[in-house]
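Structure first, commentary second.
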Amino acid sequence: MYAFKIKGENRLTGSVSVKGAKNAVLPIMAASLLTAEPLHLKNISFLSDVNTMNALLSSLGVCVQTNADELILTANHISSTKAAYDFVSKMRASFWVLGPLLARFQEATVSLPGGCAIGARPVDLYLMALTEMGADIRIENGYVIAKGPLHGAEIFFPKVSVGATHNTIMAAVLTAGTTIIHNPALEPEVMDLIAVLKKMGAQIEGVGTKKLIIRGVSKLSGATHSVIADRIETASFVIATAMTKGKIEINGGRQDLIGAVTDLLLPSQISFQQTDHSLIVDATNACLKSVPVITSEYPGFPTDAQALMTSFLSISTGDARVSEHIFENRFMHIPELQRMGAHIDIIDGHSVFIHGVPELSGATVMASDLRGGVGLVLAGLVAKGETLVKRIYHIDRGYYHLEEKLTQLGADIQRVHLDD
């Protein structure tokens, strides 16, 4: 098992690059099942989650080819429509193959999902939408067994769900008739999936609104697409720079995708400059100020950046409340921050109150999920002394060689092997 060993109190300076968003590339990879022609994806970062999806698609019969930061998926000889537990239990996004398989082959057997332990995140909305589209669905022995054919339908989501939106769109594009989705998610990653599907020949109207109209087609073609930049990785480097009072250039970074994050940093005298190809973050004159944080659907503050901002607030002047409105059980990193000297009170499962302290102290801590783990890394970057972050396999799911990128910015961080 590996851990990150961090010696804190180094400013981040220099340049770093971000690649395609994990939360965009995974549903786009699932969309390869909608066509027999090659889907050529660029700007790929081969994270452990991407490798898991590759393995799942290969098990279904998809031909997977990789080259540098490119990925070619060809689903012309599908040999199975069953997504096994071994894959889906590792990563919740594996469940997104349900819609494409059902739309193209009229059958799918998919294990109920796993992933980070950040709440129940049920799949009821996924199954509700498919049922309204005519699917015959039953659950047996931990698997969702679905059969078609599907037909167009009018879907009303009672709450915003990124995963259910992905899945329903992919099911609808090959389904006869018209499907209308009310209250879809508007995240950039959803827009990126739609962009790919339209390149493949899908007929989708109302993009960027709360009413999507999808007219099913009989066949989709292949396409070439460069995946949108990872806004959460970008936000991670932005907040890390703010905390260390450094100055960096993020190649591929886009401020327009993380406006809810950068807006909260402006009171701390942190400046941003967007160029054609990069985002420059300057925190050399920063005075970190506490601000309230409320997570919400895009374009609100992203839940995936909440743990990062919690670490920022732990060393900011003043008091702040952080309210988590997307997932329950997403404060599992708080006890670990407290071990480092953070003054944080858990009010309930949805809110914490943070009183900023002048400094944190290094400690041995444990990542319980992907984003919480990175929040601990950020805390370690500014802590006095040495911090050891264990269970970093969670972090590897969403960040490619994070320690190498931070090292090139001047951080003192190493990946070390632990005997236990």
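The values are calculated or read from the model by the stated rules, or taken from the named source; none is laboratory data. Computed from a prediction, not measured in an experiment: that's the story for all the values here. Using ideal geometry, Cβ is built from the backbone for each residue, glycine included, and neighbour counts are taken over all protein chains shown.
Give the residues of the range 204-230 that are of a type outside the set (A, V, I, L, M, F, W, C) and closer than 30 Å to C63 by Cβ, sorted by residue number. Working first, answer last.
Initial filter on the range 204-230 (of a type outside the set (A, V, I, L, M, F, W, C)): 205-206, 208-211, 215-216, 218-219, 221-222, 224-226, 230.
If the condition is that a residue be of a type outside the set (A, V, I, L, M, F, W, C) and closer than 30 Å to C63 by Cβ, then R215, G216, S218, K219, S221, G222, T224, H225, S226, D230 are the ones that fit.
Please go through the range 328-347 and give me each residue that is in contact (Cβ under 8 Å) with a residue 60 or more places away in the chain and buried (at least 19 other Cβ atoms within 10 Å of the Cβ), ordered by number.
R330
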Checklist entry - Which one of the conditions (1) surrounded by fewer than 17 Cβ atoms within 10 Å (Cβ to Cβ); (2) basic (K, R); (3) within 24 Å of the chain's Cα centre (by Cα) does R254 fail to meet, given that it meets all the rest? => result (1)
Checklist outcome for this item: For the range 242-268 the number of residues that are assigned to a strand (DSSP E or B) and β-branched (V, I, T) is 2
Item to check | V16 within 24 Å of G252 (Cα to Cα), in a helix (DSSP H, G or I) and not charged (D, E, K, R) | outcome: no
Checklist entry - Looking only at the range 80-106, which residues are out of contact with any helix residue (DSSP H, G or I) (no Cβ under 7 Å at 6 or more places or on another chain) and either at pLDDT 95 or above or not small (G, A, S) (or both)? => result K82, Y85, D86, R92, F105, Q106
Checklist entry - Only one of (1) in contact with a Phe, Trp or Tyr (Cβ under 8 Å, 6 or more places away or on another chain); (2) crowded, with 23+ Cβ neighbours inside 10 Å is not met by T244, so which one is it? => result (1)
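What residue, among those in the range 353-372 that are free of Cβ contacts under 8 Å to residues at least 60 places away in the same chain and surrounded by 24 or more Cβ atoms within 10 Å (Cβ to Cβ), is farthest from I294 (Cα to Cα)? It would help to see each step written out before you state the result.
Quick first cut of the range 353-372, residues free of Cβ contacts under 8 Å to residues at least 60 places away in the same chain only: 353, 355, 357-359, 361, 363-367.
Going one step further and asking which of them are surrounded by 24 or more Cβ atoms within 10 Å (Cβ to Cβ), we end up with 365, 367.
On the way: V365: 26, A367: 23 Å.
Checked the range 353-372; the qualifying residue farthest from I294 (Cα to Cα) is V365.
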Checklist entry - M332 versus (1) over 25 Å from the mean Cα position of the chain (by Cα); (2) modelled with pLDDT under 95: which is the lone unmet condition? => result (1)
Next on the checklist: Can you list residue pairs whose Cβ atoms sit under 6 Å apart, with the first residue in the range 379-400 being more than 30 Å from N43 (Cβ to Cβ) and the second being of a type in the set (D, E)? Count only pairs 6 or more apart in sequence or on different chains.
Outcome noted: K384/E359
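Name the helices (runs of 4 or more DSSP H) wholly inside the range 124-218 in which the number of residues that are on the phi > 0 side of the Ramachandran plot and not β-branched (V, I, T) is 3 or more.
Values: elements: 124-132, 162-172, 188-199.
Fully inside the range 124-218 and qualifying: nothing.
Out of T295, T234, which single residue is surrounded by fewer than 23 Cβ atoms within 10 Å (Cβ to Cβ) and closer than 27 Å to H343 by Cα?
Going through T295, T234 in turn, just one is surrounded by fewer than 23 Cβ atoms within 10 Å (Cβ to Cβ) and closer than 27 Å to H343 by Cα: T295.
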Next on the checklist: Please count how many residues of the range 274-288 are part of a strand (DSSP E or B), without any contact (Cβ under 8 Å) to a residue 40 or more places away in the chain and more than 29 Å from V357 (Cα to Cα).
Outcome noted: 1
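Would you check which residues across the range 182-216 are of a type in the set (V, I, T) and either under 20 Å from V227 (Cβ atoms) or without any contact (Cβ under 8 Å) to a residue 40 or more places away in the chain (or both) and list them? Write out each step before concluding.
Quick first cut of the range 182-216, residues of a type in the set (V, I, T) only: 190, 194, 196, 204, 207, 209, 213-214.
Those that are of a type in the set (V, I, T) and either under 20 Å from V227 (Cβ atoms) or without any contact (Cβ under 8 Å) to a residue 40 or more places away in the chain (or both): V190, I194, V196, I204, V207, T209, I213.
Does G61 satisfy the criteria of being at positive phi and free of Cβ contacts under 8 Å to residues at least 60 places away in the same chain? Explain how you work it out, then say what you get.
Details: at positive phi: yes; free of Cβ contacts under 8 Å to residues at least 60 places away in the same chain: yes.
When the stated conditions are applied, G61 passes them.
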Next on the checklist: For A164, only one of the following conditions fails: (1) more than 24 Å from the chain's Cα centre (by Cα); (2) touching a residue at least 24 places away in the same chain (Cβ under 8 Å). What is its number?
Outcome noted: (1)
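Quick one: would you say I239 is in a strand (DSSP E or B) and not acidic (D, E)?
Working: in a strand (DSSP E or B): no; not acidic (D, E): yes.
Here the answer is no, as I239 does not meet what is asked.
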Checklist entry - Taking the range 67-95, which residues are closer than 10 Å to L57 by Cβ and of a type in the set (F, W, Y)? => result F87
Checklist entry - Can you find a residue in the range 329-337 that is more than 23 Å from Y399 (Cα to Cα) and of a type in the set (K, R)? => result no
Checklist entry - Which one is nearest to S316 (Cα to Cα) among residues in the range 271-286 that are in contact with a strand residue (DSSP E or B) (Cβ under 7 Å, 6 or more places away or on another chain) and not hydroxyl-bearing (S, T, Y)? => result A283
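Please give the helices (runs of 4 or more DSSP H) falling wholly within the range 19-89 in which 1 or more residues are within 14 Å of the chain's Cα centre (by Cα) and within 24 Å of M191 (Cβ to Cβ). First the steps, then the outcome.
Values: elements: 22-31, 48-60, 85-88.
It comes to 22-31, 48-60.
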Item to check | Single match in L193, L212, L186 (criterion: closer than 30 Å to V16 by Cα, crowded, with 23+ Cβ neighbours inside 10 Å and in the same structural domain as K159 (by TED's automatic domain parsing)) | outcome: L193
Next on the checklist: Given the condition of a type outside the set (A, V, I, L, M), surrounded by 15 or more Cβ atoms within 10 Å (Cβ to Cβ), within 25 Å of I44 (Cα to Cα) and in contact with a Ser or Thr (Cβ under 6 Å, 6 or more places away or on another chain), answer yes or no: does some residue in the range 134-144 qualify?
Outcome noted: no
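If I filter the range 69-79 for residues that are β-branched (V, I, T) and surrounded by fewer than 16 Cβ atoms within 10 Å (Cβ to Cβ), do I get at least one hit? Walk me through it before giving the result.
Of the residues in the range 69-79, the ones β-branched (V, I, T) are 72, 74, 78.
Now drop any that are not surrounded by fewer than 16 Cβ atoms within 10 Å (Cβ to Cβ), which leaves 78.
Yes; the residues of the range 69-79 include at least one that is β-branched (V, I, T) and surrounded by fewer than 16 Cβ atoms within 10 Å (Cβ to Cβ).
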